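The values are calculated or read from the model by the stated rules, or taken from the named source; none is laboratory data. Keep in mind that this is a model prediction, so the values were computed, not measured. Glycine gets a Cβ as well: all are built from the backbone with ideal geometry, and neighbour counts include every protein chain shown.
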Amino acid sequence: MTDSTRVLPVIFISHGAGPAWFVDSRKESMKSMDGIDMHSKSADMMRNLRSVAGLPRKPRAILVISAHWEEAEHTVSTSPRPSLYFDYYGFPESTYKIEWPVRGEPQVADVVIQLLASNGIKCCANIKRGLDHGVFVPLKLAYPEADVPGDIDILHFLINKLYVIMAFAFNAYDAGLIRGC
């Protein structure tokens, strides 16, 4: 199996402490973030995600299961140009001005919805909601050029997250996707 045909892995991606990876605790009045800010080992790991995770190639898209957006039903973002949703508070003003003009991948989102449905998991689409900090914070570090689309599967209950992760792992659908949560 070559790198171009190898199925990309399911990986767990932490988002750190809110937008802390974009805070310089040495310069801003956030000394409490020393060790978890932009100079931390965890921020460095996200900047080097491809090599740390052993990814053989850049993914076509990234499917993220986020705990920061709850809906009554499983929901997939279908926005072609998702905005950023700053769902945190008490951080420096600069963290509310972060930009990451990533594009969505509505066609992949449709496949995700179909895969869930084929496994008996009811799911709906949402074209309006932006990317929450659990998505854009780590992925902006890993892909600062915003050159990998992110499709977000949002789940209501933790037990359902495990179910969906397993469904995707066992279906082994691969269109150049990294699956992360």
Exercise for the section: Could you please find all residues in the range 97-129 being crowded, with 20+ Cβ neighbours inside 10 Å and touching a residue at least 60 places away in the same chain (Cβ under 8 Å)? Expected result: Val108
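Tell me which residues, restricted to the range 78-112, are of a type in the set (Ser, Thr, Tyr) and farther than 17 Å from Val137 by Cα. Walk me through it before giving the result.
Taking the range 78-112 first, the residues of a type in the set (Ser, Thr, Tyr) are 78-79, 83, 85, 88-89, 94-96.
Passing the criteria: Thr78, Ser79.
State yes or no: is Arg26 outside any helix (DSSP H, G or I) and either over 29 Å from Ala125 (Cα atoms) or of a type in the set (Phe, Trp, Tyr) (or both)? Spell out how you get there, then give the answer.
Details: outside any helix (DSSP H, G or I): yes; either over 29 Å from Ala125 (Cα atoms) or of a type in the set (Phe, Trp, Tyr) (or both): yes.
Yes.
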Problem - Conditions (1) under 18 Å from the mean Cα position of the chain (by Cα); (2) in a helix (DSSP H, G or I); (3) at pLDDT below 90; (4) not hydrophobic (A, V, I, L, M, F, W, C); number of the one not met by Gln114 - result: (1)
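Can you tell me which residue is surrounded by the fewest Cβ atoms within 10 Å (Cβ to Cβ) among those in the range 54-78 that are basic (Lys, Arg) and within 15 Å of the chain's Cα centre (by Cα)?
If we filter the range 54-78 for residues that are basic (Lys, Arg), which is where we start, we get 57-58, 60.
If we keep only those that are within 15 Å of the chain's Cα centre (by Cα) as well, we get 58, 60.
Working: Lys58: 12, Arg60: 15.
Going through the qualifying residues, I end up with Lys58.
Which residues, taken from the range 76-90, are in contact with a helix residue (DSSP H, G or I) (Cβ under 8 Å, 6 or more places away or on another chain) and part of a loop (DSSP other than H, G, I, E, B)?
Just the residues of the range 76-90 that are in contact with a helix residue (DSSP H, G or I) (Cβ under 8 Å, 6 or more places away or on another chain), to begin with: 76-80, 84-88.
Within the range 76-90, Thr78, Ser79, Pro80, Tyr85, Phe86, Asp87, Tyr88 meet the criteria.
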Practice task
Look at the range 2-47 and say how many of its residues are without any contact (Cβ under 8 Å) to a residue 60 or more places away in the chain, of a type outside the set (Lys, Arg), closer than 20 Å to Tyr143 by Cβ and loosely packed, with under 12 Cβ neighbours inside 10 Å.
Solution key: 2
